[in-house]
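In what follows, a single structure is set out as structure tokens and then discussed.
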Amino acid sequence: MMGEDLEELKRRKLLELQQRLQEEQIKEEQRRQMSIQRRSILMEILTPDARSRLTNVKLARPEYAEQVENLLIQLAQSGQLKQKITDIQLKEILRKLSMKKKEINIRRM
């Protein structure tokens with residue numbers, strides 16, 4: 001009787017772990033697909049020089065680059081971009097976004 005309960009418990013745990021693994025694999029596949037889709041959109045809307053600049057920004061400031069990418073993708077999906085964004089245009093976008101960023105000063109008393 002005790003052995004049967006133990007086997008049932010082991011079986012349930014194994015099923016639970018398998019389900020978690022499967023869910024994680026699905027999530028990872030979805031993340032991978034989203035990444036591919038994002039790259040594809042960025043390839044369509046940025047010139048090679050602009051893509052290179054955005055890659056450099058991503059290396060230095062990943063969160064900021066993601067914010068810029070999200071903005072560009074949103075503009076593209078809403079039909080507000082009529083042509084590819086050049087390096088000069090991207091520099092201007094980056095400059096404007098960095099100006100909007102609020103400065104936080106910490107004062108010690």
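What follows is calculated from the coordinates using simple rules that are stated; it is not laboratory data. Here the structure is a predicted model, which means the values were calculated and not measured. Ideal geometry is used to build each Cβ from the backbone, glycine not excepted, and the neighbour counts take in all protein chains shown.
Quick rundown of the values:
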{"read-out": "Unmet criterion (only one of (1) surrounded by 10 or more Cβ atoms within 10 Å (Cβ to Cβ); (2) within 19 Å of LYS96 (Cα to Cα)) for GLN25", "value": "(2)"}
{"read-out": "Pairs, first closer than 18 Å to GLN37 by Cβ in region 53-82, second acidic (Asp, Glu), C-beta under 8 Å, six or more apart", "value": "LEU54/GLU69; LYS58/GLU66; ALA76/GLU44"}
{"read-out": "Some residue of region 93-101 being loosely packed, with under 14 Cβ neighbours inside 10 Å, of a type outside the set (A, V, I, L, M, F, W, C), without any contact (Cβ under 8 Å) to a residue 60 or more places away in the chain and not in a helix (DSSP H, G or I)", "value": "yes"}
{"read-out": "Enumeration of residues in region 59-88 that are surrounded by 15 or more Cβ atoms within 10 Å (Cβ to Cβ) and in a helix (DSSP H, G or I)", "value": "TYR64, ALA65, VAL68, GLU69, LEU72, ILE73, ALA76, ASP87"}
{"read-out": "Residue in region 44-53 that is under 26 Å from LYS84 (Cα atoms), outside any helix (DSSP H, G or I) and among the hydrophobic types (A, V, I, L, M, F, W, C) present", "value": "yes"}
{"read-out": "Scope region 7-52; condition under 15 Å from the mean Cα position of the chain (by Cα) and touching a residue at least 24 places away in the same chain (Cβ under 8 Å); matching residues", "value": "ARG38, ILE41, LEU42"}
